[in-house]
1. Compute the distance in nm between two label points, each set 7 Å from the Cα along the Cα-to-Cβ direction, one at His56 and one at Ala86.
2. Mind checking the angle between helix 91-123 and the chain's longest principal axis? C-alpha axes, 0 to 90 degrees, to the nearest 10.
3. For the chain, max minus min Cα coordinate along each principal axis, in Å, sorted largest first?
4. Quick check on the chain: helices-only [θ] at 222 nm, where DSSP H runs of length 4 and up contribute -39,500 (n - 2.57) each and the sum goes over total residues. Nearest 500, please.
5. Rank Leu117, Leu55, Leu103 by mean-square fluctuation in a GNM of the chain with C-alpha springs under 10 angstrom and give only the top-ranked residue.
6. Helix 63-87: angle to the longest alpha-carbon principal axis of the chain, degrees 0 to 90, nearest 10?
7. When a footprinting reagent is the concern and you count Cβ atoms within 10 Å, what order do Leu23, Leu67 take, fewest first?
8. Straight-line reach from Lys74: which lysines have a Cα under 20 Å away, not including same-chain ones fewer than 8 places off?
Amino acid sequence: MSLSDTSLPLTIDDRPLGPALRLGWSRTCPACGTGRMMKGYLKVADACPDCGEALHHHRADDGPAYLTILVVGKSIMALYLAVYLALEPSPVVMIALCWSVALVAALWLLPRFKGALVALQWSRRMHGFGNEA
């Protein structure tokens, strides 16, 4: 097969994945990039307030929670081990430090993972996004 073979249809991705994930991570509409995707902390708006893109199709379910637990759990255990080996603090200090960092990290990551998963579904036309044709 050569590059001059015109028998294959050229498809242009009108919803590129990378920019959509970046916009979802920042919790903005993946279609226009300006409207807020979230109504509250984790509630996805039914539609973008700026461009009107329907967002109610999403099926994020437990995906954001799973990813948050995975990332926070792995990073906190690495932090726990590094601090313990370097400083050998008391167990109370270790618990207070690691639980505080884990709580803040989980609360920060959860809405960002949800936004990214909704943007992923929008970009790949999953679960009702893009059934115009």
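1. Simple spin-label model gives 5.0 nm for this pair.
2. 0 degrees
3. 67, 43, 23
4. Values: 3 runs with 67 residues, N = 133.
Helix contribution divided over all residues of the chain: -17500 deg cm²/dmol.
5. Looking only at Leu117, Leu55, Leu103, the biggest GNM fluctuation is shown by Leu103.
6. 30 degrees
7. On the way: Leu23 23, Leu67 17.
Result, fewest neighbours first: Leu67, Leu23.
8. Output for Lys74: Lys114.
Read-outs: derived from the displayed coordinates by stated rules, not from any lab. None of these values were measured; they are calculated from a predicted model. All Cβ positions, glycine included, derive from the backbone under ideal geometry; neighbour counts span all protein chains shown.
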